[in-house]
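Colleague: Just passing along the structure, written as structure tokens.
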Amino acid sequence: MAKWTTAEIPDQTGRVAVVTGANTGLGYETAAALAQRGAHVVLAVRNLDKGTEACNRISRAHPNARVSLQELDLTSLNSIRAAAEQLRAEHARIDLLINNAGVMYPPKSTTADGFELQFGTNHLGHFAFTGLLLERLLPVPGSRVVTVSSIGHRIRADIHFDDLQWQHRYNRVEAYGQSKLANLLFTYELQRRLAGRGTTIAVAAHPGGSNTELMRHLPRWAAIAYPAMAPLFQDAAMGALPTLRAAGDPQVRGGQYFGPGGFAQTRGYPTVVESSRKSHDAERQRRLWKVSEELTGVVYPL
């Protein structure tokens, strides 16, 4: 299928999809497309005002859409636990959990729990959120956990187990790379643990080069170079397609990774792509999983 688009998403009526960071950019486009296809979409967002505006935009564009709002701050384990508890109370089943929210290249800062902001938000926050909701996905045939990674998982990226929180030094590009590599290690290890259950799968995706709010923290050198690089980037609607294919294509298998099929995976229609050698390192996967359970206090029911 050379040009997979949202038209290929099967009817989602009766399905519940939770999308983190759904008030803008890739998350908004993902939520809107799933709602258009009939899913009850929960926009899990930190800013409720922006979330309400996003819900209204979807409802105006698709009057029959079912959308609701859930407050979620991935920089706070207390907020994550409260959000998961509320979602479990309101939904007997969850068909899709899309871990989309993220931060990229911020100045050095920490979450409410003292984690480096990118690692804490992009990986640990989603690790905890997924673990706390998994019991609502496991009984549901065809349920999926889709986690959004990045081309950045290849750029100066490793898991710095000796300094996961960048307390001794900080490089925003390397820290982002660590968090996005962690997204893939998490996906592959989760899939290994889910294998054999026959209901839930774990899949990953990346948007290529997408022009979204993530760009607001670009280092100065990158901001200067951005105008020359702009032709490599695509809009958020195209950038969301790999995530939507991972979530909606009936042919998807657990452990697959979707990204744009064009030049250097920066743009184009979604297809299965390869991730880095490090992302497939089983020892890194297991070690990161163990550390993540210890740091978050969330142990998966697997």
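Colleague: Hydropathy first: keep DSSP H helices in the chain averaging at least -1.0 on Kyte-Doolittle, then drop any whose Cα extent along the axis falls short of 24 Å, and list what survives.
Modeller: On the way: long enough: 172-194 (33 Å, -0.43).
TM-like helix candidates: 172-194.
Colleague: Going by a ≥ b ≥ c, the root eigenvalues of the Cα gyration tensor, does the stretch 8-96 fall in the rounded group (a/c under 1.5), the prolate group (a/b larger than b/c) or the oblate group?
Modeller: Details: a/c = 2.02, a/b = 1.34, b/c = 1.51.
Oblate, since a/c reaches 1.5 and b/c is not below a/b.
Colleague: Shifting gears a bit: Run the numbers for R286 and L138: contour at 0.36 nm per residue of separation, minus the present Cα-Cα distance, in nm. Intermediate values should be presented prior to the final figure.
Modeller: Details: separation 148, 0.36 × 148 = 53.28 nm, distance 2.09 nm.
Length difference between fully extended and current span is 51.2 nm.
Colleague: Using Cβ counts within 10 Å as a stand-in for footprinting exposure, how do F115, F127 rank, fewest first? Provide the component values of the computation, followed by the final result.
Modeller: Values: F115 21, F127 26.
Neighbour counts put them in this order, fewest first: F115, F127.
Colleague: For the chain, what is the mean residue ellipticity at 222 nm derived from helices alone (per DSSP H run of n ≥ 4: -39500 (n - 2.57); sum divided by total residues; nearest 500 deg cm²/dmol)?
Modeller: Numbers: 9 runs with 112 residues, N = 302.
Taking each H run of at least 4 residues, the total per residue is -11500 deg cm²/dmol.
Colleague: Stretched out fully, how many nm does the piece from A264 to D11 gain, at 0.36 nm a residue minus the Cα gap?
Modeller: On the way: separation 253, 0.36 × 253 = 91.08 nm, distance 3.19 nm.
The A264-D11 span can extend by a further 87.9 nm.
Colleague: Ranked highest first by average number of other Cβ atoms within 10 Å, how do 279-290, 70-81 line up?
Modeller: Details: 279-290: 16.0, 70-81: 19.9.
In descending order of packing, they fall as 70-81, 279-290.
Colleague: Between T52 and N64, what is the spin-label point distance in nm, taking each point 7 Å from the Cα along the Cα→C-beta axis?
Modeller: Taking the simple label geometry, T52 and N64 are separated by 2.8 nm.
Colleague: Let me ask something else about it. Give the label of the value calculated from the structure for volume of the Cα convex hull per residue in Å³, choosing from (1) 123; (2) 168; (3) 184.
Modeller: (1)
Colleague: Also: Test of understanding: what is the full-extension gain from A89 to A112, defined as 0.36 nm times their sequence separation minus their Cα-Cα distance? Mind showing how you got there, number by number?
Modeller: Numbers: separation 23, 0.36 × 23 = 8.28 nm, distance 2.51 nm.
Full extension from A89 to A112 adds 5.8 nm.
Colleague: Where Lys and Arg each count +1 and Asp and Glu each count -1, what net charge lies around R192 among other residues with Cβ under 14 Å from its Cβ?
Modeller: On the way: positive: R193, R197, R253, R284, R286, R287, K290; negative: E189, D281, E283.
Combined, the nearby Lys, Arg, Asp and Glu give +4.
Colleague: Give me the aspartates and glutamates in straight-line cross-link reach of K50: C-alpha distance below 18 Å, same-chain residues under 8 apart excluded.
Modeller: Answer for K50, where 18 Å is the Cα cut-off: E29, E71, D73, E213, listed by chain and number.
Colleague: Could I ask something else about it? Return the lysines within reach of K278: Cα separation strictly under 16 angstrom, same-chain partners fewer than 8 residues apart disregarded; answer none if there are no such residues.
Modeller: Partners found: K180.
Colleague: Report, in debye and to the nearest 20, how large the dipole of the chain comes out about its Cα centre when Lys and Arg carry +1 and Asp and Glu carry -1 on their Cβ.
Modeller: Details: 33 positive and 26 negative charges, 91 e Å.
That gives a dipole near 440 debye.
Taken together, the values in this text are just the output of simple stated rules run on the coordinates, not laboratory data. Since this is a predicted model, take the numbers as computed values, not measurements. Heads up, the Cβs are rebuilt from the backbone with ideal geometry, glycines too, and the neighbour counts pull from every protein chain shown.
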